[in-house]
Amino acid sequence: MVELKVEGMSCQHCVASVTKAVRAVDEHASVRVDLAEGRVSVDTAVPRDALSAAIEDAGYTVAA
């Protein structure tokens with residue numbers, strides 16, 4: 001399980017965009033987005049750095 005703090009998400013479109021970005025790296029990943037907390041939980045074997053890069057490429061900021 002990878003937990004990421006993602007900045008810039010504010011609506012369901014953002015949830016869909018982040019989910020799509022993660023699934024582009026791992027199509028079988030289980031993705032849970034908490035808009036209120038700005039957290040994304042991903043059940044995957046893909047490294048954190050690859051997930052962060054995909055989410056940032058989608059236009060969001062992943063906090064360290």
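What follows is calculated from the coordinates using simple rules that are stated; it is not laboratory data. Predicted model only: the values in this text are computed from it and were never measured.
Against the compact-protein benchmark of 2.2 N^0.38 Å, the Cα-based radius of gyration of the chain scales to 0.94. Rounded to the nearest 10 degrees, the angle from helix 12-25 to the longest Cα principal axis of the chain is 20 degrees. Length available on full extension from residue 23 to residue 48: 0.36 nm per residue minus the Cα-Cα distance, which gives 7.7 nm.
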